[in-house]
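Below is one structure, written out as structure tokens; the observations come after it.
The values are calculated or read from the model by the stated rules, or taken from the named source; none is laboratory data. Here the structure is a predicted model, which means the values were calculated and not measured. Quick reminder, even Gly has a Cβ in these numbers, built from the backbone with ideal geometry, and neighbours come from all protein chains shown.
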Amino acid sequence: MAVQHRRKKKQAVPTAMLIALAVALVALGTAIALLVHMTKNSTPARRGTMSADIAEQTQQTTTQTEVTATSTTLSESGTTSATDVTTTGSALTSTTGTAESKLPAGLVSGITLTFYTANLTVGDAPVMPIVTMTPANATNKKEIWQSSNQAVAKVDGLGNITPVGAGECIITVTSASNPSVSAEVKVSVKGKETASGTPGGTTPQNTDSKIQVINGVTYVQGILIVNKTYPLPADYNPGLDPTAQAAFNEMAAGAAAAGLSIQIVSGFRSYDTQKTLYNNYCNRDGKAEADRFSARPGHSEHQSGLAMDINYAGSSFDNTPEAKWLAENCWKYGFIIRYPKDKESITGYKYESWHVRYLGKEWAEKIYNSGLTLEEYFGIDSKYSY
Ligand SMILES: [Zn+2]
């Protein structure tokens with residue numbers, strides 16, 4: 001306030017304004033330092049989600065606890081494949097001294113890593129940069145790890161980075177106690193070599209050649225795939241697909257002709273909406289149970305704009321005439337029941353009589369007639385890797 005007052009009084013004198021500005025800069029030293037830090041260490045997309053990331057700390061902490069049991073194995077595999085990792089020095093060291101001096105005692109003020117770039121190939125073992133958080137006597141050195149694109153590389157709560165698809169992404173480690181402090185690993189992933197280019201390599205699965213990742217979105221034979229193995233980018237935000245909506249309208253007319261009423265109770269859901277939903281289910285039922293019926297953010301088929309919940313998203317829909325009609329007829333309109341009975345080990349989800357996925361009439365008919373799930377039909381997995 002004092003600064004603004006002074007500025008008004010002397011506004012005709014440019015030099016005085018500069019002095020006032022300098023005073024403001026000093027007063028806002030911490031904020032400036034943070035901005036500089038974020039500019040250096042964050043992509044614009046990352047910065048946009050920073051507050052959401054902070055909100056997610058509780059959940060991340062849970063994840064860390066769960067992966068602790070596998071830490072030894074993962075750390076070892078990370079070390080053995082260290083030849084793939086290029087070290088580029090400490091170009092991305094965190095946080096300036098200004099911010100450090102203003103932090104309460106015990107908070108982390110800087111993060112350094114043993115490497116900041118990693119050039120990997122799909123199929124490589126995970127790599128893990130060793131994290132040093134300063135000061136050494138900081139009381140909470142918990143790490144939050146995130147990938148800017150999980151279709152390119154995934155990261156677990158310990159920092160094990162697993163390449164999954166060709167492309168580039170940023171892996172960020174943030175201090176849980178001080179979310180303004182972070183460091184990044186620029187990850188570049190090459191696709192798997194073809195059989196002829198891999199002497200002595202294992203026989204590639206037929207499906208590998210069918211899987212395409214375009215801008216972080218996975219397609220198999222042109223069909224968009226989202227499940228526990230194949231996520232969507234956080235910023236993939238298409239809304240409900242108009243073709244799927246039109247197909248639903250046609251289906252609703254078909255149901256009406258049979259004397260039944262169907263409506264969409266949940267169509268498109270954004271990454272952030274799914275994050276809230278999933279976290280609520282985790283709090284209510286625990287993570288293991290929540291994973292049986294609710295997708296982690298980025299993994300929901302609803303984020304594709306091609307999935308819909310019909311009438312009521314719960315088991316009391318199961319035995320209704322509408323559920324029976326939907327199961328028998330939805331393929332005619334281009335939909336499949338995406339999570340059929342007794343296929344949880346394959347699809348990753350419990351039976352959902354109400355959840356349909358739009359594929360177009362041709363594919364829906366093929367898959368309906370095969371009696372297979374989407375995963376079985378295309379020979380793909382649906383399993384979380386973290
Ligand atoms: Zn659903």
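Inside the range 300-320, can you point out the residues that are within 15 Å of S270 (Cβ to Cβ) and either more than 24 Å from the chain's Cα centre (by Cα) or more than 12 Å from the ligand (Cβ to nearest atom) (or both)?
Passing the criteria: only G305.
Looking only at the range 271-291, which residues are crowded, with 19+ Cβ neighbours inside 10 Å, of a type in the set (S, T, Y) and more than 14 Å from the ligand (Cβ to nearest atom)?
Y271 - this is the single residue of the range 271-291 that is crowded, with 19+ Cβ neighbours inside 10 Å, of a type in the set (S, T, Y) and more than 14 Å from the ligand (Cβ to nearest atom).
Quick check on A153: is it in contact with a strand residue (DSSP E or B) (Cβ under 7 Å, 6 or more places away or on another chain), within 17 Å of P231 (Cα to Cα) and of a type in the set (A, V, I, L, M, F, W, C)?
Considered against the rule, which asks whether it is in contact with a strand residue (DSSP E or B) (Cβ under 7 Å, 6 or more places away or on another chain), within 17 Å of P231 (Cα to Cα) and of a type in the set (A, V, I, L, M, F, W, C), A153 comes out as yes.
Give the number of residues within the range 253-298 that are among the small types (G, A, S), in contact (Cβ under 8 Å) with a residue 24 or more places away in the chain and part of a helix (DSSP H, G or I).
Number satisfying all stated conditions: 2.
If a residue must be within 20 Å of the chain's Cα centre (by Cα) and in a loop (DSSP other than H, G, I, E, B), how many such residues does the range 113-122 contain?
1
Within the range 261-270, can one find any residue that is farther than 24 Å from S147 by Cβ, modelled with pLDDT of 95 or more, away from the ligand (no atom under 13 Å from the Cβ) and surrounded by 15 or more Cβ atoms within 10 Å (Cβ to Cβ)?
Yes; the residues of the range 261-270 include at least one that is farther than 24 Å from S147 by Cβ, modelled with pLDDT of 95 or more, away from the ligand (no atom under 13 Å from the Cβ) and surrounded by 15 or more Cβ atoms within 10 Å (Cβ to Cβ).
Just the residues that are within 15 Å of the ligand (Cβ to nearest atom) and either among the basic types (K, R) or at negative phi (or both), please, taken from the range 345-358.
Hits for the range 345-358 are T347, Y349, K350, Y351, E352, S353, W354, H355, V356, R357, Y358.
Any residue in the range 307-334 that's in contact (Cβ under 8 Å) with a residue 40 or more places away in the chain and of a type in the set (S, T, N, Q): show its pairings with residues that are surrounded by fewer than 19 Cβ atoms within 10 Å (Cβ to Cβ) and assigned to a helix (DSSP H, G or I) at Cβ separation under 9 Å, as long as the two are six or more apart or on different chains.
N329/G254
S294 - would you say it is within 21 Å of E365 (Cα to Cα), under 18 Å from the mean Cα position of the chain (by Cα), small (G, A, S) and crowded, with 18+ Cβ neighbours inside 10 Å?
When the stated conditions are applied, S294 does not pass them.
Any idea which residue in the range 321-341 is farthest from the ligand (Cβ to nearest atom), counting only those that are hydrophobic (A, V, I, L, M, F, W, C) and buried (at least 19 other Cβ atoms within 10 Å of the Cβ)?
This residue is W331.
Name every residue in the range 216-241 that is under 9 Å from A151 (Cβ atoms) and not in a strand (DSSP E or B), in order of residue number.
G216, Y230, P231, L232, P233
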